[in-house]
Amino acid sequence: MSGRRPFLLFTLLAFGYAFLYLPIVTLIVYSFNESRLVTVWGGFSTRWYVELFRNEQMLSALWLSLRIAAMNASVAVVLGTLAALTLVRFRRFRGRTLFAGMVAAPLVMPEVILGLSGLLLFVTMEQLIGWPEGRGVTTITIAHITFSSAYVAVIAQSRLSQLDVSLEEAAMDLGARPWKVFLLITLPIISPALIAGWLLAFTLSMDDLVIASFVSGPGATTLPMVVYSSVRLGVSPQINALATLIVLVVSTGIVVAGWLLHRQERRRQENAARWLRAG
Amino acid sequence: MKVDQPPRYRSPSLLRNRFERGIKSLTQGRLGRTVVIALPYGWLALFLLVPFLIVFKISLAEAMLASPPFSPLVNWTEDMALQLRLQLSNYAILWQDPIYLDAYWNSLKVAAVSTLVCLLVGYPMALGIARAPGNWRMVLLLLVILPFWTSFLIRVYAWIGLLQGNGLVNQVLLAFGLIDTPLALLHSNFAVYLGIVYSYLPFMVLPLYATLMRLDDTLLEAAADLGCRPWKAFLTVTLPLSMPGVIAGSLLVFIPAVGEFVIPDLLGGPDSLMIGKVLWSEFFSNRDWPVASAVAVAMLVFLVVPLALLQRIEERHTTGGR
């Protein structure tokens, strides 16, 4: 590289970040606005936060979304890891192309198609075998698991393909059974990716409006559904307050997770260095 | 004298290793392997593949005032003969009513333009991150990912406040004297483009960054040593080598953007009709499930080529990347 700093490039970079963050910053600023009008500054106030915490409908929707998201993330991590293992470790089996396609499809498939197809499946199943009875939490959770396990699979896949196979082979040579090798060697090594996958699956589920709207029934209203119906009526300062809280939680989570991963990585490198010195 | 062509050289230890591993997988891993494959395979087949087939089936049915609101394809007639009734009328509607063709065309156009703008904004960002000092790179990358982790709906909502008639954008433009009367920015095609570019930018930046990071810096040094100017080096070295990232990023933006519902619904106006929105209203407002299914099938047909392309890139990436 030439020593000259590519000035133009960094200017464009700065503009890119301004574009990404300007809307979020204005949301946060106006959540503390006294005035109901989002565009007029009426002085600092936290009244919208107070109103948000008194909004029963919003709170119960939040609780429902949290439950669905946690359930979804836990199942999706298991399925996604298995899918990643299948794709990375088993190069040849019947129907591999179809399988790879099915894992890749939810990442890009328009949500309206996933939602509609999910709903039609549940309706057909109810007609044929009587399960699931009606639509609600169960159907939303199943639909969410289906698409978020694909995201987990992608994350786990990239970690698995970087993994040093000789570690597993060494364990195998020393007589460990495959299941034990997986639990003692593979799983600990890919665990950061699995934690990231769990968190991603959780947020995807918390965030989903379209699929949940299709596969939900009366009585199961998730947080995005409440937000959507309130946003359709126009700008509401309560949503600004909610957005600020979401940004706060997510950024805290990312900073903590990043710090933990960084620390773990450094400890691993130190261990490796100690091993090398000792050997 | 006859010279035997030596067989392709394989180290004996490698062969032995492979043989042993084969034996091991035969004796121990068989059951485990089946379970590992079958679980996600079965789940995805049941909850992803079968539903697509059902969508196709119902697109051939007839809308009825019943629960569920469509006619069965197969039923028994009075003299106990099996009767199969396929309705192609739903597809005929798509073809004849201009609203559907317009919506498809508009969706493809909006998605294509937004993808291009995303590329123009995202490429310099990805390049800037890739060339930033090492300890900055992680932070910059996290800052691109962070908005993706916050609620999509709320990020779209943020633009409503900004683009309103008396919103921040208009206020700034008025204050600088660039315009005299507020522009009608919200509920326009412009707002839809902006919303899509804003929401999908991380999907463009991340694959671009990944390919740009793998780029060999010595190639650029060689070009510079041979008297190539930076701009030309970019065009002849960096850009062609980053094409896989460009294609992957573009597909990751284009495909979901075609079927986008939330953005045209909240930011678009009456003229910005997109197919995702048509499917939604066909289903929720008209309760015409068969037509909604036909719309979905037709959308999938449009997306088959880009999807297959993406699949091939992914496959090459996972198998060739090691």
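The values are calculated or read from the model by the stated rules, or taken from the named source; none is laboratory data. Just so you know, these numbers come straight off a predicted model, no measurement behind them. Note: ideal-geometry Cβ built from the backbone for every residue, glycine included; neighbour counts use all protein chains shown.
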Considering the stretch B:117-136 alone, what residues qualify as being at pLDDT below 90 and more than 9 Å from chain A (Cβ to nearest Cβ)? B:P133, B:G134, B:N135, B:W136
Hey, could you check the stretch A:218-252 for residues that are facing chain B (nearest Cβ under 10 Å), small (G, A, S) and part of a helix (DSSP H, G or I) and say which is farthest from A:T139 (Cα to Cα)? A:S251
Could you name every one of the helices (runs of 4 or more DSSP H) located completely within the stretch B:77-188 that has at least 2 residues being of a type in the set (F, W, Y)? B:89-96, B:98-131, B:134-149, B:152-163
Evaluation of B:S114 against (1) within 12 Å of chain A (Cβ to nearest Cβ); (2) modelled with pLDDT of 85 or more; (3) within 21 Å of the chain's Cα centre (by Cα) (one fails), failing number: (1)
What tally of residues in the stretch A:79-95 results from selecting those that are out of contact with any Leu (no Cβ under 8 Å at 6 or more places or on another chain) and either closer than 16 Å to A:F147 by Cβ or not aliphatic (A, V, I, L, M) (or both)? 8
Based on this model, can you work out whether A:W63 counts as in a helix (DSSP H, G or I), of a type in the set (F, W, Y) and within 22 Å of the chain's Cα centre (by Cα)? yes
The stretch A:224-262, residues that are under 21 Å from A:D164 (Cα atoms) and free of Cβ contacts under 8 Å to residues at least 40 places away in the same chain: A:H262
Which one of these is at the interface with chain B (Cβ under 7 Å from one of its Cβ atoms), touching a Phe, Trp or Tyr at 6+ places or on another chain (Cβ under 9 Å) and assigned to a helix (DSSP H, G or I): A:A83, A:A100? A:A83
Given the conditions (1) aliphatic (A, V, I, L, M); (2) in contact with a Gly (Cβ under 7 Å, 6 or more places away or on another chain); (3) free of Cβ contacts under 8 Å to residues at least 60 places away in the same chain, which single one is not true for A:I185? (2)
What pairs come out if I take residues in the stretch A:73-87 that are free of Cβ contacts under 8 Å to residues at least 40 places away in the same chain and pair them with residues that are part of a helix (DSSP H, G or I) and of a type in the set (G, A, S) whose C-beta lies under 6 Å away, six or more apart or interchain? none
Can you tell me how many residues in the stretch A:129-151 are of a type outside the set (S, T, Y) and either under 29 Å from B:V304 (Cβ atoms) or in contact (Cβ under 8 Å) with a residue 12 or more places away in the chain (or both)? 11
For the stretch A:201-217, enumerate the residues that are under 18 Å from A:R135 (Cβ atoms) and part of a helix (DSSP H, G or I). A:S205, A:V210, A:I211, A:A212, A:S213, A:F214, A:V215
